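Below you'll find the structure, written out as structure tokens, and then a few comments.
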Amino acid sequence: MILLDRVTVIYPNKTVALSGASLHIQPKEFVTIVGASGAGKSTLIRLLIKEEDPTSGKIIVGSIDYDTIDKANIPHLRRKIGVVFQDFKLLPNLTVYENVAFALEVSGVKSSDIKRAVPKILQLVGLSEKAHHYPTEISGGEKQRTAIARALVRNPKILIADEPTGNLDPKNSWDIIELLLKINRFGTTVVLTTHNKDIVNALKKRVITISRGRVVKDEKVGKYSI
Amino acid sequence: MITFWRVFKSGFRNTFRHAWLSTAATAIMAVTLLIMTFFAFSIYFVQSQLKEVQQKIDLTLFISDDAKDEEIKALQAKVLTTSGVTTVEFVSKLDALKRLENSSKEGSKLAKSASEIGNPLPASLEVKLAVIDDIGAINKTIRGYPEGAIITETSYDSSDDNRKGVIENIIRISNAVTRVGGVLSAVFLIIALLIIFNTVRMAIYTRREEIEIMKLVGATKWFVRGPFIIEGSMYGVFGATIAVMALVPLSRVINQFLVEKLNAGATVGYFSSNFMLIFLAIYGLGIIIGALSSWLAISRHLKL
């Protein structure tokens, strides 16, 4: 469950990124957040992974109230939320396998458990063959699937995908979206932000539209309308 | 434990990843450690020499050959009650001859000819003083005792050099060495800290993307910081290794010089018998300097 209650973010330079945004996402939902550049999508995502704190308002994810979580527990919070970005954020000097394993290594998972978990997740995203390739040796779609594998390997309850198809061609974009749907069917909450009208309209899932820092539309089966 | 091992491995790998920066950091670390060791050695040397000289320059009372045993005993007891005197030791004519014999090659020759003419060496009382500055006053007091009549001469009377001046000179040198050593060590310590600080800062900068990703996938603060601390410590370990490797042949040359020219067996002995300890100290110091500057760089430039 993700709950934002009248969340406002004002930057030191007086820019208002979010103003009184409220939204409620149920467990196992697939939600798309749309909005023009600068509408506040990225701020919203940075709030969810607690890279930023709201100026006012309340954020609760799962059973964790972001106001009361102490700094030392932020890494543990982030381990429960998988995040995927437009620019993949893979470590270039690690192979596909190592990039995925890395997420487990930083959490102190035993090596033997890592050896068991990583191949499974690589199979799920269809990258078993490319396990020992470096990011520079694979396509954009494969890079994004690696990033998704890395986000999923710790069995997060929530997967946040911030414009995951932004750098991909239509074919690869659809592969990624289908992968996200598959992950959602397995029971993970998926929060997707995108600019891709075709994808939003074809998904026929809940769409939240953000404009100028406010939630202006929230439809059960929404369409891209900006 | 797993995490510690992973952090250690990653820090170790990173040290080799930017070899050029590491080289500069290691070199300055080695120089700093050498300089600090050199001055520690010098300060210890000068101070041990000072102690030795102070012990040598205590007061010796030469006793007339005509003096009776009771008279000598009475004088010995009286001198011991004098304030500022710590011990009084009796050296007989025979002891004096034996000492001369054992002192050196020439001494033994002299002793031989001395014994042939019936041992002209006087018996003496060797007086050790608590504070060397009092030597003149104490000499005067002792000469004033009625029991002091059997004294023919004292080392203070016969000294043509200014003993106090000699000691003051040594103290001056000792202070100067300590001061110069302290300042130079501090300067190089600061340079080393700054260079390693900058090396780690560069490392943080070049790996900012990696750090961002680590944070995103939920690495704890120490998982991100640890490798940099390890990296700083590695410069300490490498620098100390170079310093120690330079120190072994260097110390041999210095030892030889000190033993032959300055007769400084005690200092040399101390250093060679505590070599392990000194090595450990150098490594310890290197690791502390490295880790500390790394820590400073992290707390300034690694916002977590």
Picked from region B:65-98 (must be touching a residue at least 40 places away in the same chain (Cβ under 8 Å) and in a loop (DSSP other than H, G, I, E, B)), the residue nearest to B:Gly148 (Cα to Cα) is B:Ala67
Among the residues of region A:95-108, are any at pLDDT 90 or above and not in a helix (DSSP H, G or I)? yes
### Message
Any residue at all in region A:104-121 that's open to solvent by less than 50 Å² (accessible area, probe 1.4 Å), under 19 Å from the mean Cα position of the chain (by Cα) and more than 13 Å from chain B (Cβ to nearest Cβ)?
### Response
yes
If you go through A:Ile60, A:Ile33, the only one that is under 16 Å from the mean Cα position of the chain (by Cα) and at pLDDT 90 or above is A:Ile33
With criteria (1) surrounded by 15 or more Cβ atoms within 10 Å (Cβ to Cβ); (2) free of Cβ contacts under 8 Å to residues at least 24 places away in the same chain; (3) away from chain B (no Cβ under 13 Å), A:Glu98 comes up short on (3)
- Using the structure shown, decide if B:Lys215 is outside the structural domain of B:Thr26 (by TED's automatic domain parsing) and modelled with pLDDT of 80 or more. no
| Is it the case that B:Leu189 is aliphatic (A, V, I, L, M) and either loosely packed, with under 15 Cβ neighbours inside 10 Å or closer than 28 Å to B:Leu80 by Cβ (or both)? | no
Over region A:142-156, the set of residues at pLDDT 90 or above, over 11 Å from A:Asn99 (Cα atoms) and either of a type in the set (D, E, K, R) or more than 14 Å from the chain's Cα centre (by Cα) (or both) is A:Glu142, A:Arg145
Log entry, pairs with first residue in region B:1-23 being farther than 16 Å from A:Ser107 by Cβ and more than 14 Å from chain A (Cβ to nearest Cβ), second being part of a helix (DSSP H, G or I) and open to solvent by 70 Å² or more (accessible area, probe 1.4 Å), beta carbons closer than 9 Å, six or more apart or on different chains, reads B:Leu21/B:Met202; B:Ser22/B:Phe16
Scanning region B:71-89 for residues that are in contact with a Phe, Trp or Tyr (Cβ under 9 Å, 6 or more places away or on another chain) and over 14 Å from B:Asp58 (Cα atoms) gives B:Ile72, B:Lys73, B:Leu75, B:Gln76, B:Lys78, B:Thr82
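Would you say B:Tyr156 is at pLDDT 80 or above, out of contact with any His (no Cβ under 8 Å at 6 or more places or on another chain), surrounded by 15 or more Cβ atoms within 10 Å (Cβ to Cβ) and aromatic (Phe, Trp, Tyr)? Please lay out each step first, then the result.
Numbers: at pLDDT 80 or above: no; out of contact with any His (no Cβ under 8 Å at 6 or more places or on another chain): yes; surrounded by 15 or more Cβ atoms within 10 Å (Cβ to Cβ): yes; aromatic (Phe, Trp, Tyr): yes.
Judged against the criteria, B:Tyr156 is not a match.
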Condition set exposed (fewer than 15 other Cβ atoms within 10 Å of the Cβ) and farther than 30 Å from A:Ser139 by Cβ, scope region A:70-93, selection farthest from the other protein chains (Cβ to nearest Cβ): answer is A:Asp70
Among residues of region A:122-141 being more than 14 Å from chain B (Cβ to nearest Cβ) and closer than 20 Å to B:Glu209 by Cβ, the residue nearest to the chain's Cα centre (by Cα) is A:Gly140
Reported set for region B:196-228 where residues are aliphatic (A, V, I, L, M), in contact (Cβ under 8 Å) with a residue 12 or more places away in the chain, within 11 Å of chain A (Cβ to nearest Cβ) and open to solvent by 10 Å² or more (accessible area, probe 1.4 Å) is B:Ile211
Subset of region A:36-69, residues over 22 Å from B:Leu216 (Cβ atoms) and either among the aliphatic types (A, V, I, L, M) or crowded, with 19+ Cβ neighbours inside 10 Å (or both), comes to A:Ala36, A:Ala39, A:Gly57
Inset, instruction - Assess whether A:Asn184 counts as being touching a residue at least 60 places away in the same chain (Cβ under 8 Å), open to solvent by 10 Å² or more (accessible area, probe 1.4 Å) and in a helix (DSSP H, G or I). - result: yes
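The values are calculated or read from the model by the stated rules, or taken from the named source; none is laboratory data. Only a predicted model underlies this, so the values are computations on that prediction, with no experimental measurement involved. With ideal geometry, Cβ positions are generated from the backbone for all residues, glycine too; neighbour counts draw on all protein chains shown. What goes into the accessible areas is simple: the full protein's heavy atoms, side chains included, and nothing from ligands, DNA or RNA. Shrake-Rupley method; radii C 1.70, N 1.55, O 1.52, S 1.80 Å.
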